[in-house]
1. Scan segment 287-303 for residues that are at pLDDT 95 or above and either in contact with a Gly (Cβ under 8 Å, 6 or more places away or on another chain) or not in a helix (DSSP H, G or I) (or both) and report the count.
2. Quick check: anything in segment 348-355 touching a residue at least 60 places away in the same chain (Cβ under 8 Å), assigned to a loop (DSSP other than H, G, I, E, B) and over 20 Å from Ile65 (Cα atoms)?
3. Name every residue in segment 161-178 that is surrounded by fewer than 16 Cβ atoms within 10 Å (Cβ to Cβ) and either in contact with a Leu (Cβ under 6 Å, 6 or more places away or on another chain) or modelled with pLDDT of 90 or more (or both), in order of residue number.
4. Give me the pairs: first residue in segment 47-62 and at positive phi and assigned to a loop (DSSP other than H, G, I, E, B), second residue at pLDDT below 95 and small (Gly, Ala, Ser), beta-carbon distance under 8 Å, and six or more apart or on different chains, which are they?
5. I'd like the residue in segment 340-388 that is in contact with a strand residue (DSSP E or B) (Cβ under 9 Å, 6 or more places away or on another chain) and buried (at least 22 other Cβ atoms within 10 Å of the Cβ) and, out of all such residues, is modelled with the highest pLDDT.
6. Got a number for residues in segment 304-346 being within 27 Å of His195 (Cβ to Cβ), in contact (Cβ under 8 Å) with a residue 60 or more places away in the chain and either assigned to a loop (DSSP other than H, G, I, E, B) or of a type outside the set (Phe, Trp, Tyr) (or both)?
7. Looking at segment 98-113, which of its residues are surrounded by fewer than 18 Cβ atoms within 10 Å (Cβ to Cβ) and either touching a residue at least 24 places away in the same chain (Cβ under 8 Å) or within 14 Å of Ile156 (Cα to Cα) (or both)?
8. Could you say whether any residue in segment 12-23 is at pLDDT below 95, of a type outside the set (Asp, Glu), surrounded by 13 or more Cβ atoms within 10 Å (Cβ to Cβ) and touching a strand residue (DSSP E or B) at 6+ places or on another chain (Cβ under 6 Å)?
Amino acid sequence: MFLGLFRIAPWLQGTGYLRQANSLTVGIIAYMTLGAILAAFSLQRWRLDALRDSAIWYYALFFFIGLALTTREAIADRFWRLIRTVWILSLVWNVADILTRYRLSHSGPIIPWRGVPVLFNSTHEAGQNLALGALVVLCTTTLFKRPFLRYFLALIAILGLALFTTSDGRGMRLGFGAAMLTMLLLSFGAPRRPHFNERLLTLLAGAVPLIALAALIFSGQILRLSSLDRFAGADPSNPDGTVNWRLIWWQRLYDHVMETNPVFGIGFGESLHLYNPLLESDDEEFVVRSPHNFNVTVFSRMGLAGLFLWAAILAIGIGGLCRRVYRGTVHGHPYSDERRDELAFWATMLVFTIVNSSFGVLMEGPVLGIWFWFALGFATGRSLTTGNSARRVRQYLRHLILQYNLAESPLTADA
């Protein structure tokens with residue numbers, strides 16, 4: 001983070017990117033300022049715990065790193081190609097991990113102070129990256145020039161999505177559904193839908209009949225393999241269900257904040273597990289500190305003021321990005337096909353992350369917290385330019401070469 005702030009963030013100077021993203025930038029700075037003030041009041045009492053919980057606001061610094069990276073378009077293009085490759089590798093790794101019954105992620109040396117292997121990861125984060133990697137393969141222009149590799153990876157992507165639908169994680173499956181619904185709505189944009197959406201529609205058009213047919217033929221096995229009982233366990237009327245467990249926690253947090261300080265919350269440092277009666281007597285070393293919902297965490301620690309700023313960031317940041325993808329233009333100029341596809345993918349990733357983090361603790365730490373803020377900045381910066389500059393440069397170079405060849409040709413010389 002510090003390396004990015006001192007080496008990359010200064011690229012923003014004199015570019016106009018902050019001015020163009022003025023509303024979003026002001027909202028993020030206000031959100032971080034409020035968090036810093038509340039953390040300062042909490043430091044004396046809670047010390048390191050206050051700093052640890054402050055990650056929900058100071059990770060927003062990665063927004064400015066992501067935004068600054070896009071000011072160097074050639075570097076940003078290379079990063080986009082690199083991160084697509086990383087997601088494809090994540091797809092392959094997580095498919096192999098699931099097929100080996102998680103032996104890969106449970107192998108390797110153990111981290112002494114955590115008691116888990118180095119390769120261990122959150123299954124909800126891994127599932128999200130698997131699904132995103134599958135979308136990179138199936139819905140973007142990646143590997144179009146390598147058809148054999150693309151077809152091979154397409155098979156892995158389809159297998160990965162099938163495994164994803166059978167996973168236990170409710171949050172990541174709901175996040176995937178919300179992201180797909182967002183992309184389908186963007187398909188009605190003008191002047192025409194991005195290629196990402198066209199391929200997504202083709203994928204869904206082929207998948208839905210196959211899933212329906214499989215459900216009719218193998219209904220019992222499908223219900224068992226799809227882990228739908230996990231959603232049945234989310235029945236609010238079930239006193240032993242996870243929804244009831246969460247609602248009790250969230251209600252007690254709401255009551256405590258409204259009694260203590262509804263505007264600015266309870267601050268940073270105090271473990272929020274104390275407000276769940278089922279966790280109050282928990283003596284485990286690594287207790288669950290946050291209520292499995294990033295929005296509730298923001299409200300609890302930063303009150304209504306923090307929640308309002310957070311909602312504004314989502315509306316301006318993700319809402320603005322979706323609006324630009326829908327319109328297909330920026331400053332009245334159309335995006336290139338490649339840029340609009342890229343922006344559609346980033347919108348998918350951001351919506352996926354928000355919904356997934358509303359059912360877990362992924363954004364309270366670096367697991368998805370860093371990547372959400374960085375992606376928000378990077379996607380915002382990429383949406384400020386059309387992506388046509390590189391194509392225009394290539395066309396100009398071809399024109400110069402053609403002119404040179406004509407000037408040097410024998411027929412031209414004789415004339």
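1. Looking only at that region, the number is 6.
2. The answer is no; no qualifying residue exists.
3. Thr166, Gly177
4. Arg47/Gly269
5. Per the criteria, the residue is Ser383.
6. Of the residues in segment 304-346, 16 are within 27 Å of His195 (Cβ to Cβ), in contact (Cβ under 8 Å) with a residue 60 or more places away in the chain and either assigned to a loop (DSSP other than H, G, I, E, B) or of a type outside the set (Phe, Trp, Tyr) (or both).
7. Hit for segment 98-113 is Leu99, nothing else.
8. Scanning segment 12-23 turns up no residue that is at pLDDT below 95, of a type outside the set (Asp, Glu), surrounded by 13 or more Cβ atoms within 10 Å (Cβ to Cβ) and touching a strand residue (DSSP E or B) at 6+ places or on another chain (Cβ under 6 Å).
The values are calculated or read from the model by the stated rules, or taken from the named source; none is laboratory data. Computed from a prediction, not measured in an experiment: that's the story for all the values here. We place every Cβ from the backbone using ideal geometry, glycine too, and count neighbours over all the protein chains shown.
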